[in-house]
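One structure is given here, and the rest of the page talks about it.
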Amino acid sequence: MTTNRIERHHYDVVVIGAGGAGLRAAIEARLAGKRTAIISKSLFGKAHTVMAEGGAAAAMGNVNSNDNWMVHFRDTMRGGKFLNNFRMAELHAKEAPERIWELETYGALFDRTKDGKISQRNFGGHEYPRLAHVGDRTGLELIRTLQQKIVSLQQEDKRQYGDYDARIRVFAETTITELILDGDRVAGAFGYRREDGEFLLFEAPAIVLATGGVGRSYKVTSNSWEYTGDGHALALRAGANLINMEFLQFHPTGMVWPPSVKGILVTESVRGDGGVLKNSEGKRFMFNYVPDVFRKQYAETEEEADRWYTDPDHNRRPPELLPRDEVARAINAEVKAGRGSPAGGVYLDVSTRMPAETIIKRLPSMHHQFKELADVDITKEAMEVGPTCHYVMGGVEVDPDTGATIGQVRGLFAAGEVSGGMHGSNRLGGNSLSDLLVFGKRAGEYAAAYADSLPARPKVSQALVDTAVDAALAPLSRDGENPYTLQQDLQAVMGDLVGIIRRRGELQDALVRLAELKERVAKVSASGGRRYNPGWHLALDLRNMLVVSECTAKAALEREESRGGHTREDFPAMDPNWRRLNLVTSLEGDEVLLSRKPVPEMRPELITLFDRVELSKYLTDEELAGFDALAEEASN
Amino acid sequence: MGTKRHFRVWRGDENGGDLQDYQVEVNEGEVVLDVIHRLQATQAPDLACRWNCKAGKCGSCSMEINGRPRLGCMTRMSTFEENETVTVTPLRTFPIVRDLVTDVEFNYVKARETPAFAPPADLEPGEYRMQQVDVERSQEFRKCIECFLCQNVCHVVRDHEENKRAFSGPRYFIRAAELDMHPLDAKGDRKEYAQAQQGLGYCNITKCCTEVCPEHIKITDNAIIPMKERVVDRRYDPIVKLGRRIFRRDQLEEQGTRPGPLLAQEPSHHAEPGADGVKWNRQVAQGQAAAVDENGRLPLSEFTFDRAAAPSPFGDDVTFPLPPDDLNYHHSNKWDT
Amino acid sequence: MTTTATRPAAGARPRAAILAKTLRTDRWWASPLGIAIILAIFVIYSTVRIFMGKHYWVGEGHYLTPLYSPCVSKSCVPGSSHFGTPLPKFPFFIPLGALVFPIVAGFRVTCYYYRKAGYRSLWLSPQACAVREPHAKYTGETRFPLIFMNSHRYFFYLASLVLLINIYDAVLAFHGRDGGFGLGVGTLIICANVALLAGYTLSCHACRHVVGGRLKHFSKHPLRYRFWTFVSKLNGRHGTFAMASLLSVMITDAYIMAVSAQWITDLRIFN
Ligand SMILES: Cc1cc2nc3c(=O)[nH]c(=O)nc-3n(C[C@H](O)[C@H](O)[C@H](O)COP(=O)(O)OP(=O)(O)OC[C@H]3O[C@@H](n4cnc5c(N)ncnc54)[C@H](O)[C@@H]3O)c2cc1C
Ligand code: SF4
Ligand code: SF4
Ligand code: FES
Ligand code: FES
């Protein structure tokens, strides 16, 4: 049975997380010849990435040859309201096509264009059709492909060394609870196996975090139980910084009915392919919510919007395709104004816009999902949708080129949703899957290089391991509160007080309540034993959720403007001065510290890709003067 | 609002267990997984159950509900009668871990044994061109969410533990079919592999896998039967053999590739020869299939055996002559030293 | 109550300890039972009919029952032999349909649909999904005799020929009392039967494979792709065709027997 024995493993690179980012990082580290471990909380191939639907953005120009990395870069920056780390956005736009093509050599089968290339589809915020996709199960294709690539590497190793696990091994259903440091260097990761509750210690000089997001802290979310912000919290505790934690994306169209599926996503491609949003009066309300910065790109009449689907070159796009934050806010406003559906959402309708066969062909898994989960036939009736917590833009602050975390620790890398900066204040749909591939690869590559560069392996001290064991076992022997109640309370605080629309008073209140919860969580208890005990697992996750929530609340209180995934009712406008600042949180002892850090300035050749009129909406006068000087220089 | 419903949930581990009764509240529009979660939050905090997406996309929440293999998150409570008892048990085919969680390692082992996609040697990333009609068949199989319900329901292993060694199960038949139908896969022996290594012959096409597949993949009609037919092409069909002889340019032999690698698990490319010219790191073709019966004997009569002529002592997968590229032997270029 | 794990095979880790053969609460036994009954009725009926050796030909309308077609023995009643009588008289124990009956039977026995039906309802392996089967050992179609199921392709080719004969018989059945064109209820029944047989044969999995399924690149063979798409559509209904054509063969035969034995008279629609 379970003991306090600790299973020890030695690896060169340990990747925590088996989603798109983690798997891509592991593949790269293995290709660099490193002994690599992949650790995942759930089974292999079940990570959150499977749920991504719409597609992966990459400017391959297969459908519209006007597309290129510069346009993609522009769209990304625009979508993130210019708060993005420009270097990440640049690398992302440049490297995404290669990463997608690479997947084909691993066996991926994307939908095709007539001439046999990868087909691309329209998506909110992208100027051209850009999302490589497979029906509406792109994430599944991505993760399965990477999973199968890993299998193929294992088969190679088996042939060479006689053992599948010789150089790359997957530890499924294993949760990391603590990173072990040697001074300021990463030395290992400590965790438990869910199946039997046994402890494991991975000794490794380089660790890549790819643990995804934090959505489980919210009541209405498209995220699964895995998304408890573990990576964020591990990084904080190891001494790394988080940035932009105030920016959470609320996906505008989550299901709101029936209650059991509340939060589950209705993919954006429903709108990209012609679905429209209507309120309870049957009106297409999005035309009333086009903000000034987007006025030029979006249609003003229904007729023009409808023409766009067939003739995008000569018409402007329908306002349903505005970036997610805008749509989410619009829906929120409609519901508040009393024009919502009975379940508190609005209607998303494709049934009147396309013949049933087209809908089934284009949106097979949506059709399937609604039919089976909600007993709604989307070819006949409208869906009821509303905003749902979907993605965290913020995350571990990393060096754009290498994915190394910035802060007090070396040897720690981060990629995917857990890292921050790439998406600025708001992520465009489809940019995440490509982000996973681009930065996953980079993190794997540089983690391998870092492991090589070390003269000696860092050492794991037994004392730290013992502390980690005690912390992990504590909830089992305590007599305290039920973790499920605590989780519900936390979700209530975050959902009600740090939700889509935020106010100073509520945020302050939230901080007080989070402090109370912190004390309660310190005393949480789990009944039962160590074998596959979800209560115990949740009890251990709670502390991560809490510290990450605190970062979000603190940063949200600090940022006194509205931008992307952060809307303050008391500061409804975007403020160019705030654009120049990132909010950075770090941990000292138990305390969350908040500091401000300037946003890196774009290189001249990148900033000149933009229109002055557009920039003037985002930049301060001082910055604009700088831009004018550049423009003048260029024209001379 | 909610009504009380009667649930029976199997609780236990490898030392035994039984069905336990619970009265639990159920609200309109809920699915079985919601009820399991409510049990966890109220009456049984340590009730073990897997789940991730709650939207039928990840294939984690496989369980048996009233004896039928289902996804917990896709089984609406409204499909049961008001007063019906709902019985929830773990998958029966795999070793039990605890409560509703089973050890599905079997599937990952089989996945690892199935030869991976072999990229065409002459195409760089970005140069792949495929027509939609050509990828559609394989795309159907790639919808698989790996819930392993088909693996669980298949009587070949469900009722016969001893077959687990020889039988990969429907999930991996569709994987083999997917690759065999992949327009650019460069490996030619997928059908032979399916027959000889995956145990395609064990399947008696009773279609339970198709019945339970939550993705509605037509596993039997579109993968297993076509694979069986492809095996027939190779082994039995006289007309196909004749046609192959007459029209040398046949699509059946995979597009312009050399004959399939020696062993089914063999690499499609080999590591470079070592300094002495000998490829030490490659595996020698070993008598692999050893098509023996349970008593370890080669069947004597053709009649009782699945192919014409006596089986090769080198196994099913080795054809002679071996391509020289694949030999370990290296001809010395030093003269008489 | 604690029970021990079910079926612990040597060395294997235990599964969940559930003794019940199935926990299904629906009437899972109904469909295999129904199919078993239908199959049994057909087997009994056709055996009786085949050895009956009479009432298979209606001279007036030129109706020949499919169970005896083609009739090529000198024992055949005059007129029923559309292809001459190359074979000598058969002794009583060899049925007149002996030439093709094995083909047709083999075609059906090795048919993927009937295999499913048979394995489920006759062999009980398994009776229904997630119901434990009663056999202690199972090797499927990996060895003798079930390995012969793979001969379905041969049977398909042969059965296609038989189908052509059936079609020819149906054409001949447009025979009037005055020797010219004619149409009776029997003709319609025969035609419907042939249509169902054609549907059954065309929707065969082997057919689907042969017309196009074996291709790797549909895009290079647009015509065969069209065939394949068509056959695939029919193939979706293969089970229905299988059952419907089984019944229609019985009905056609019964009708012809009844007319031939003059239990009823054929209703003539035209001539
Ligand atoms: C419903 C939905 C639809 C989406 N659609 C799209 C889309 O169309 N296009 C797009 O670009 N993006 C989309 N996204 C976003 C995108 O899917 C995610 O941002 C992305 O998959 C995150 O990938 P990741 O590799 O960072 O992490 P994940 O795939 O979430 O993987 C996290 C991994 O970390 C592991 N892990 C976590 N904590 C621990 C721990 N403590 N110990 C060990 N392992 C741990 C988990 O087990 C898991 O394997 C969607 C998201 C959702 C929820
Ligand atoms: S059809 Fe074959 S693979 Fe599928 S469940 Fe039946 S025996 Fe198993
Ligand atoms: S084929 Fe269907 S039933 Fe089998 S694992 Fe895949 S999704 Fe599940
Ligand atoms: S929880 Fe993902 S399939 Fe049910
Ligand atoms: S006749 Fe049924 S499959 Fe061929």
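We did not get these values from a lab; they are worked out from the coordinates using the rules stated. This is a predicted model, so every value here is computed, not measured. With ideal geometry, Cβ positions are generated from the backbone for all residues, glycine too; neighbour counts draw on all protein chains shown.
When all alpha carbon pairs of the stretch A:394-544 are counted in 5 Å bins from zero, the resulting P(r) reads 2, 8, 12, 11, 12, 16, 17, 14, 7, 1, 0 %.
Tell me the relative contact order for chain A as a rounded percent, counting alpha carbon contacts under 8 Å between residues six or more apart. Before the final figure, lay out each step's value.
Values: 1478 pairs, mean separation 128.2, N = 636.
Rounded, it is 20 percent for chain A.
Dividing the Cα radius of gyration of the stretch C:152-271 by 2.2 N^0.38 Å, with N the residue count, gives 1.30. For the stretch A:373-445 versus the stretch C:156-179, the inter-centroid distance based on Cα atoms is 67 Å. As a size descriptor, the averaged projected area of the C-alpha convex hull of the stretch A:295-428 was calculated at 12.2 nm².
Computed over the protein assembly as shown, the quotient of the alpha carbon radius of gyration and 2.2 N^0.38 Å is 1.01.
If Lys and Arg each add +1 and Asp and Glu each add -1, what is the summed charge of the other residues whose beta carbon sits under 14 Å from the beta carbon of residue A:67? Could you put the intermediate results ahead of the total?
Details: positive: A:74, A:94, A:117, A:121, A:130; negative: A:75, A:127, A:313.
Net local charge, residue A:67 excluded: +2.
Axis angle, to the nearest 10 degrees, between helix A:138-161 and the longest C-alpha principal axis of chain A: 40 degrees.
R0 = 51 Å: FRET efficiency of residue A:628 with residue C:226, Cβ-based, nearest 0.05? Write out the running numbers ahead of the final one.
On the way: r = 63 Å, r/R0 = 1.24.
So the FRET efficiency works out to roughly 0.20.
Averaging 1/r over each pair of different alpha-carbon atoms in chain A and inverting the result gives 24.8 Å, the Kirkwood hydrodynamic radius.
Taking a ≥ b ≥ c as the square roots of the eigenvalues of the Cα gyration tensor of the stretch A:558-627, is the shape rounded (a/c under 1.5), prolate (a/b larger than b/c) or oblate? Judged from the Cα gyration tensor, the stretch A:558-627 comes out oblate (a/c at least 1.5, b/c at or above a/b). A straight line joining the Cα centroids of the stretch A:175-233 and the stretch B:13-71 runs 26 Å.
Rounded to the nearest 500, the helix-only mean residue ellipticity at 222 nm of chain C stands at -15000 deg cm²/dmol, with each DSSP H run of n ≥ 4 adding -39,500 (n - 2.57).
Expressed as cubic angstrom per residue, what is the convex hull volume of the alpha carbon set of the stretch B:3-102?
Details: hull volume 9.2 nm³, N = 100.
Once divided by residue count, the hull of the stretch B:3-102 is 92 Å³.
Under the convention that each Lys and Arg Cβ holds +1 and each Asp and Glu Cβ holds -1, the size of the dipole of chain A around its Cα centre is about 1040 debye. When the Cα atoms of the stretch C:1-127 are aligned to their principal axes, the ranges along those axes come out at 75, 31, 23 Å in descending order. Note on the stretch B:3-102: dipole from Cβ charges, positive end direction compared against B:69, B:79, B:26; the farthest Cα belongs to B:69. From the alpha carbon centroid of the stretch C:111-128 to that of the stretch A:539-567 is 59 Å.
Please arrange A:314, C:209 by how many other C-beta atoms lie within 10 Å of their C-beta, fewest to most.
Numbers: A:314 9, C:209 26.
Exposure proxy ranking, most exposed first: A:314, C:209.
Would you work out if the stretch A:101-239 is rounded, prolate or oblate? Take a ≥ b ≥ c from the square roots of the eigenvalues of the alpha-carbon gyration tensor; rounded if a/c is under 1.5, else prolate when a/b is larger than b/c, oblate otherwise. Walk me through the numbers on the way to the answer.
Details: a/c = 2.32, a/b = 1.38, b/c = 1.69.
Note, shape of the stretch A:101-239 comes out oblate.
Per-residue ellipticity at 222 nm, computed for chain A from helices alone with -39500 (n - 2.57) per DSSP H run of at least four residues, works out to -12000 deg cm²/dmol. Take the Cα of residue B:123, go 7 Å toward its beta carbon, and the backbone nitrogen atoms of the stretch A:108-132 under 17 Å from that spot belong to A:108-120. Considering only B:213, A:499, A:383, and ranking their Cα positions along the charge dipole of the protein assembly as shown that arises from unit charges at the beta-carbon of Lys, Arg, Asp and Glu, the one farthest toward the positive end is B:213.
Where Rh is the Kirkwood radius over the Cα pairs of chain C, the temperature 10 °C and the viscosity 1.306 mPa s, what D in µm²/s does Stokes-Einstein return? Walk me through the numbers before you get to the answer.
On the way: Rh = 21.4 Å.
D = 74 µm²/s.
Name the shape class, rounded, prolate or oblate, that the alpha-carbon gyration tensor gives for the stretch B:128-228, where a ≥ b ≥ c are the square roots of its eigenvalues, rounded holds for a/c under 1.5, and otherwise prolate holds if a/b is larger than b/c and oblate otherwise.
Working: a/c = 2.37, a/b = 1.47, b/c = 1.61.
Taking the square roots of the gyration eigenvalues as a ≥ b ≥ c, the stretch B:128-228 is oblate.
Is there a quick way to get the dipole size of the stretch C:30-270? I mean about its Cα centre, with the Cβ of Lys and Arg at +1 and of Asp and Glu at -1; what is the value in debye to the nearest 20? Don't skip to the end; give the middle numbers.
On the way: 22 positive and 7 negative charges, 221 e Å.
Value, rounded to 20: 1060 debye.
Relative to the Cα centre, the charge distribution of the stretch A:428-501, modelled as +1 at Lys and Arg Cβ and -1 at Asp and Glu Cβ, gives a dipole magnitude of about 420 debye. Its Cα gyration tensor gives the stretch C:93-193 an equivalent ellipsoid, and the semi-axes of that ellipsoid, as √(5λ) in whole Å with the largest first, are 39, 16, 11.
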